[in-house]
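Below: the structure, in structure tokens.
The values are calculated or read from the model by the stated rules, or taken from the named source; none is laboratory data. Everything numeric here is computed off the predicted structure, so don't read it as measured data. All Cβ positions, glycine included, derive from the backbone under ideal geometry; neighbour counts span all protein chains shown.
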Amino acid sequence: GFDVRNRKARRMTASARHGLDLVHQFSDLQAHRNGETTTIVRGEGVHVFDAEGNRYIDAMSGSSCASLGFRDERLVQAMTEQAGKLPYYHLFAQKSHEPAERLARQLSAMAPEHLNHVLFANSGSESNDAAIRIVRAVNISRGKPEKRRVIARHAGYHGSTTLSASVTGQAHMRFGSDSVSPDVSFIPEVCHYRHGHDGESEEAYAARCAAELEAAILAVGPDTVAAFIAEPVMASAGCLLPPKGYFQLVDEVLRRHDVALIADEVVCALGRLDSPFGSTRYGLRPDLMTLAKPLTGGYFPLSAVLMTDEIYDTLTLESAKSGLLGHGLTYGGHPIGCAVASAALEIYAQADFRANLHATIATFERHLAAIADCPIVGETRNAGLLGALEIVADKTTRRRFDAMENVTLKIGRALQKNGVITRWTRETVNLCPPLVISEDELEVLFGALRASLDQVAAEVAHEVEEGQASLA
Ligand code: PLP
């Protein structure tokens, strides 16, 4: 007994030092054990501060959610007020509350014309789960229970619950074999830079991608395919943009085979792409649209599923038969989340906010164009304030660095030393700064980015030289 307590006390001292009681997420747990943990203690505007007092520009808006920065007083006030009035209620069993009703009204007013109904959840993952469940429920109601398969794209990210992970095309983001589902087919991601053939126009490439989608539907039989899930711009994959005309052709394929479109707008919506939604910018006509991250500016977990009248009517009919809609979450549509989201939507809709954002995007694009001349940058891409640098070893042949060199990890680490937090994939350095970033802060961000790229390019060149020397 006593001995065990002592051991536990010793362990607790060590873990307090390294934060090891906490299991981090999408993080290298061994690196945490080695003491590589940045503990964030405070936020202000686009900056966060760590426990050592270092200040960083967070060029990822946290996890692509803090569109209004890290301490917007209007949002804090909306949350505080709601907490003082009704800090919790649910939407079950014929109960309702004003914050959820108001937010649903706001969302359906701003959404594309055919999307008029809103279901709330807590996270992007859960909203995608709900969208998939809804499509399947509707098909069961239509007498087509076997029409339940989802088609998704490699490199797409849709979440970390069992169902949303099963449509996520990033193998390293999966966990456990339960996320490999027999009900899901994958097609290649879209990226003209990487996958366009020599001399192939964007339009021709788009047609080839749409044909791949149709072939995937036909391969399993349209009677088994319920939905195609897609991000308008593939965000975490490194800002992969739809080639010109892609979604128009996709729409034709989906209509032809009676397949629903789920637009995962968890990152793209609410101004990020200089447009209310990615769907409005790229001409998607989704049957269901999912929203999360910027919905509350990240200040509270809340997500939404927007759906058509037709889908809503079917759900109503079915729930009348059984007595209830067989889907719900204790915290789905939490009043504090809804209150803060209402405040955020009001800010996003302000004319000067939109004008500022537009100007910020122009500056962002100017910086991206300038940094494209770095020797290890193959291409820069952006849609609004979502951007990425494609990192290559050879600009002409577009050859990548050997994966073992971990070049993007090196860039990410150098950037953090230089005062900027960002995220990366094996091929890209990603940028998703708060929408409220100023011209001066963009200048600092891109200054740090250039310094870090130069630093790593020199480091990598040295390694290559060394390799050749040892071969000789
Ligand atoms: N969909 C997209 C496009 C995302 O980028 C993410 C998160 O990064 C999700 C869904 C999942 O959202 P959450 O982490 O809130 O479950």
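Details
- Residue within the range 189-206 that is buried (at least 16 other Cβ atoms within 10 Å of the Cβ), within 30 Å of Ile140 (Cβ to Cβ) and out of contact with any Gly (no Cβ under 8 Å at 6 or more places or on another chain) present: no
- Members of the range 61-90 that are buried (at least 19 other Cβ atoms within 10 Å of the Cβ) and either β-branched (Val, Ile, Thr) or assigned to a loop (DSSP other than H, G, I, E, B) (or both): Cys65, Ala66, Ser67, Leu68, Gly69, Phe70, Asp72
- Of all residues in the range 368-413, those that are within 30 Å of Pro276 (Cα to Cα) and of a type in the set (Lys, Arg) total 1.
- Considering the conditions (1) part of a helix (DSSP H, G or I); (2) away from the ligand (no atom under 16 Å from the Cβ); (3) farther than 16 Å from Val184 by Cβ, Pro243 is excluded by exactly one of them, (1).
- Residue check, Pro112 under 30 Å from Leu254 (Cβ atoms) and not in a helix (DSSP H, G or I): yes
- Test: Leu357 is within 30 Å of Val259 (Cα to Cα) and either touching a residue at least 12 places away in the same chain (Cβ under 8 Å) or aromatic (Phe, Trp, Tyr) (or both): no
- First in the range 112-127 and closer than 17 Å to Ala100 by Cβ and modelled with pLDDT of 95 or more, second anywhere and β-branched (Val, Ile, Thr) and assigned to a helix (DSSP H, G or I), Cβ under 9 Å, 6 or more apart: His117/Ile311; Leu119/Ile134
- Which numbered condition Gly19 fails, given (1) surrounded by fewer than 11 Cβ atoms within 10 Å (Cβ to Cβ); (2) closer than 28 Å to Leu302 by Cβ; (3) at pLDDT below 95: (1)
- Pair list, Cβ under 6 Å, 6 or more apart: the range 249-273 residue more than 30 Å from Leu68 (Cα to Cα) and at pLDDT 95 or above, other residue of a type in the set (Val, Ile, Thr) and not in a helix (DSSP H, G or I): Val259/Val225
- Residue within the range 76-91 that is within 16 Å of the ligand (Cβ to nearest atom) and either farther than 27 Å from Cys191 by Cα or in contact (Cβ under 8 Å) with a residue 40 or more places away in the chain (or both) present: no
- Of residues in the range 163-213 being charged (D, E, K, R) and not in a helix (DSSP H, G or I), the one farthest from the ligand (Cβ to nearest atom): Asp198
- Scanning the range 288-309 for residues that are within 11 Å of the ligand (Cβ to nearest atom) and assigned to a strand (DSSP E or B) yields Thr290, Leu291, Ser303.
- If you filter the range 310-341 down to residues that are in a helix (DSSP H, G or I) and either touching a Pro at 6+ places or on another chain (Cβ under 7 Å) or of a type in the set (Phe, Trp, Tyr) (or both), you find that the one that is surrounded by the fewest Cβ atoms within 10 Å (Cβ to Cβ) is Tyr312.
One line per residue, one yes/no per condition, for (1) modelled with pLDDT under 95; (2) basic (Lys, Arg):
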site	(1), (2)
Ile311	no, no
Lys321	yes, yes
Gly328	no, no
Gly333	no, no
Val340	no, no
Ala344	no, no
Ile361	no, no
Glu365	no, no
Pro375	yes, no
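- Hits in the range 248-270 (condition: surrounded by 23 or more Cβ atoms within 10 Å (Cβ to Cβ) and either within 16 Å of the ligand (Cβ to nearest atom) or not assigned by TED's automatic domain parsing to the domain that holds Val138 (or both)): Ile262, Ala263, Asp264, Glu265, Val266, Val267, Cys268, Ala269, Leu270
- Selected residue (criterion: nearest to the ligand (Cβ to nearest atom)) from residues of the range 24-66 that are modelled with pLDDT under 95 and among the aliphatic types (A, V, I, L, M): Leu29
- Single residue of Asn116, Asn128, Asn139, Asn122 found to be of a type outside the set (Gly, Ala, Ser) and surrounded by 24 or more Cβ atoms within 10 Å (Cβ to Cβ): Asn128
- The single residue among Ser125, Ser160 that is within 16 Å of the ligand (Cβ to nearest atom) and either touching a Leu at 6+ places or on another chain (Cβ under 9 Å) or of a type in the set (Phe, Trp, Tyr) (or both) turns out to be Ser125.
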